[in-house]
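Notes to accompany the following structure.
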Amino acid sequence: MKSFTKIIIVTIMILSILNGCSVVPAENKTINKKQSSKKVLTLWYYWDIAKNQQELSDLIDKFNKSQDKIEVKTRYVPDEDFKKQLSLSVIKKDTPDLVLIDSADHAYYNGMHLFEDLTDKIDDLGSYDQTVLNSCKMNGRVYGVPFGINCLALFYNEDMLKKAGCEVPTNWEEFEETAKKLTNENTHGFGMTALQSEESLYEFLPILWSYGGEIDKIDSSEGKKAFSIVQNLVRNGSMSKDGTNLTLVDLMNEFINKKIAMMFNSPMIVQTIREKAKGLNWNVAFLPKVKENVSVIGGENWAVVKGKNKDAAIKFIKYVTQKDRVESYISNFGFLAPRTDIMEKQYLNDKIMRKFYEIYNYSRQREITKKWPLKSEVISNAMRDTIMGSKDLDEILQEAQQSMDNISKEEQ
């Protein structure tokens, strides 16, 4: 059996080739640089939405002021670099004390035994949505706590659809036709991210699942239908190839600036759109479907990294996961609460945000596997090649399937 150290090195090599090897400087918005007797903890996160960065800073400030023994500071690492930098920190033995990590990546680091067992240290784990809590588990033990939940919806410009004489598309055929009708010299009908990051999988998986496809059988007829949607959108001009360089926040800005008429995105951006584009007439809906509605579960988990500061880090996790505290901040981040006793009562007077609660009930969790980052990379590469049109689609899928088969052999 191959060691996880070797897997880390291979992962870093792959990500370094795709993203470059620049190290992001540390960010510290929540600690005074003066000498302090407090135990200093570092929390890594990758959110690039300014509002969420500020909300996180405010939450940490409240913790720092609530006691005089521990000081938490933050470091922002871009999403496309996060896994590479965290894996590199393990090799260099310079890991953070805390992380907010994508729920899909949690199992990979659990396999490395990077995170502290929190099973008997955090109260009310039975109140958490068990689907998202499962992303933190290994061998029946819990190695993290869900921070929040999001899912993917279709965002659309109501005025543009009305002008083009279009209804909100409910299936993929209607979606392609609508995207084409909405496209003109100033606007693309649709935009999606195909950046080499987990955001790409978040965007694509609902299309694949809608057709009945699975990532381990990416060259199936269902897989080809899903990739053909992406290929067709680019070929008929409804979607720009620039998606290979855009994040979900970039898509949001394109939507606000009326450069795209439709996009798939998460509830995290709703408040920012409201603040930055008060005159924009827009709404959200279920994603197009073949037979049944489907979306993808996203979100982050809190995790404590093993090390000398683990006890202090657990105190922080205990603080931020108290029910009344979660209830006080989670909606400010644009997330559904991971606790069902909070989530069911959220956004009752907000039609757009409540729509995400409806969509969540039709959403699937990404595969929980130690090999997820490698599988994710395969799909991201296939998306990029499809959008860029650098190869025949059958060739792209055959190469992707071969890579996926090799990963599956190692997984056994």
Answer yes if at least one residue in the range 189-198 is more than 22 Å from residue 403 (Cβ to Cβ), surrounded by fewer than 17 Cβ atoms within 10 Å (Cβ to Cβ) and under 22 Å from the mean Cα position of the chain (by Cα), and no otherwise.
-> no
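So that you can scan it fast, the table gives a plain yes or no per residue for (1) under 23 Å from the mean Cα position of the chain (by Cα); (2) of a type in the set (Asp, Glu):
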residue	(1), (2)
338	yes, no
343	yes, no
352	yes, no
367	yes, yes
371	yes, no
377	yes, yes
387	yes, no
391	no, no
394	no, yes
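Which members of the range 152-182 meet the condition of being of a type outside the set (A, V, I, L, M, F, W, C) and either surrounded by 21 or more Cβ atoms within 10 Å (Cβ to Cβ) or touching a helix residue (DSSP H, G or I) at 6+ places or on another chain (Cβ under 8 Å) (or both)?
Within the range 152-182, the subset of a type outside the set (A, V, I, L, M, F, W, C) is 156-159, 162-163, 165, 167, 169-171, 173-174, 176-178, 180-181.
Correct list: 156, 157, 165, 167, 169, 176, 178.
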Filter the range 207-235 down to the residues that are in a helix (DSSP H, G or I) and more than 17 Å from residue 173 (Cα to Cα), then identify the one that is most open to solvent (accessible area, probe 1.4 Å).
-> 217
Scanning for something in contact (Cβ under 8 Å) with a residue 24 or more places away in the chain, touching a strand residue (DSSP E or B) at 6+ places or on another chain (Cβ under 7 Å) and either at positive phi or not polar (S, T, N, Q) (or both), does the range 220-243 turn up at least one residue?
-> yes
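Anything in the range 350-385 that is aliphatic (A, V, I, L, M), in contact with a helix residue (DSSP H, G or I) (Cβ under 7 Å, 6 or more places away or on another chain) and open to solvent by less than 50 Å² (accessible area, probe 1.4 Å)? List them, or say none. Spell out how you get there, then give the answer.
Our first condition is that a residue be aliphatic (A, V, I, L, M); within the range 350-385, this holds for 352-353, 359, 368, 374, 378-379, 382-383.
Keeping just the survivors that are in contact with a helix residue (DSSP H, G or I) (Cβ under 7 Å, 6 or more places away or on another chain) gives 352-353, 368, 374, 378-379, 382-383.
Hits for the range 350-385 are 352, 353, 374, 378, 379, 382, 383.
Among the candidates 119, 95, 178, single out the residue that is of a type in the set (Val, Ile, Thr), over 28 Å from residue 40 (Cα atoms) and touching a strand residue (DSSP E or B) at 6+ places or on another chain (Cβ under 9 Å).
Values: 119 fails: over 28 Å from residue 40 (Cα atoms); 95 fails: over 28 Å from residue 40 (Cα atoms).
None of the others qualify; the one that does is 178.
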Could you grab me the full set of residues in the range 256-284 that are within 16 Å of residue 55 (Cβ to Cβ) and assigned to a loop (DSSP other than H, G, I, E, B)?
-> 266
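Filter the range 117-139 for residues that are small (Gly, Ala, Ser) and open to solvent by less than 60 Å² (accessible area, probe 1.4 Å); which is farthest from residue 326 (Cα to Cα)?
Here is the first cut: in the range 117-139, the ones small (Gly, Ala, Ser) are 126-127, 135.
Filter once more, keeping what is open to solvent by less than 60 Å² (accessible area, probe 1.4 Å): 127, 135.
On the way: 127: 12, 135: 19 Å.
Step by step, filter the range 117-139, then rank; the result is 135.
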Just checking, how many residues over the range 263-302 are open to solvent by 20 Å² or more (accessible area, probe 1.4 Å) and of a type in the set (Phe, Trp, Tyr)?
-> 2
Say we look at the range 43-89 and pick out the residues that are under 18 Å from residue 150 (Cβ atoms), part of a helix (DSSP H, G or I) and of a type in the set (A, V, I, L, M); which of these is most open to solvent (accessible area, probe 1.4 Å)?
-> 50
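Residues 305, 320: which one is of a type outside the set (S, T, N, Q), within 30 Å of residue 73 (Cβ to Cβ), in contact with an Asp or Glu (Cβ under 8 Å, 6 or more places away or on another chain) and open to solvent by less than 10 Å² (accessible area, probe 1.4 Å)? Break it down into steps so the answer makes sense when it comes.
Details: 320 fails: in contact with an Asp or Glu (Cβ under 8 Å, 6 or more places away or on another chain).
None of the others qualify; the one that does is 305.
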Exception for residue 404 within (1) in contact with a Phe, Trp or Tyr (Cβ under 8 Å, 6 or more places away or on another chain); (2) crowded, with 20+ Cβ neighbours inside 10 Å; (3) within 24 Å of residue 135 (Cα to Cα); (4) not β-branched (Val, Ile, Thr) falls at (1)
Which residues, counting only those in the range 55-105, are over 16 Å from residue 321 (Cα atoms) and among the β-branched types (Val, Ile, Thr)?
-> 70, 74, 77, 90, 91, 95
Residue tally, condition among the polar types (S, T, N, Q) and in a loop (DSSP other than H, G, I, E, B), over the range 90-107 = 1
Report yes if residue 335 is on the phi < 0 side of the Ramachandran plot, touching a helix residue (DSSP H, G or I) at 6+ places or on another chain (Cβ under 9 Å) and open to solvent by 20 Å² or more (accessible area, probe 1.4 Å), otherwise no.
-> no
Go through the range 108-160 and give me each residue that's of a type in the set (S, T, N, Q) and in a strand (DSSP E or B).
-> 150, 157
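Just to be sure I understand, how many residues within the range 241-255 are assigned to a loop (DSSP other than H, G, I, E, B) and either open to solvent by less than 30 Å² (accessible area, probe 1.4 Å) or within 24 Å of residue 212 (Cα to Cα) (or both)? So that I can check it myself, show each step before the final result.
Just the residues of the range 241-255 that are assigned to a loop (DSSP other than H, G, I, E, B), to begin with: 246-247.
Filter once more, keeping what is either open to solvent by less than 30 Å² (accessible area, probe 1.4 Å) or within 24 Å of residue 212 (Cα to Cα) (or both): 247.
Total meeting the criteria: 1.
The values are calculated or read from the model by the stated rules, or taken from the named source; none is laboratory data. Being a predicted model, the structure only gives us computed values, none of them experimental. All Cβ positions, even for glycine, are placed from backbone atoms using ideal geometry, and neighbour counts span all protein chains on display. We work out accessible area using only protein heavy atoms, side chains counted, and drop any ligands, DNA or RNA first. Shrake-Rupley method; radii C 1.70, N 1.55, O 1.52, S 1.80 Å.
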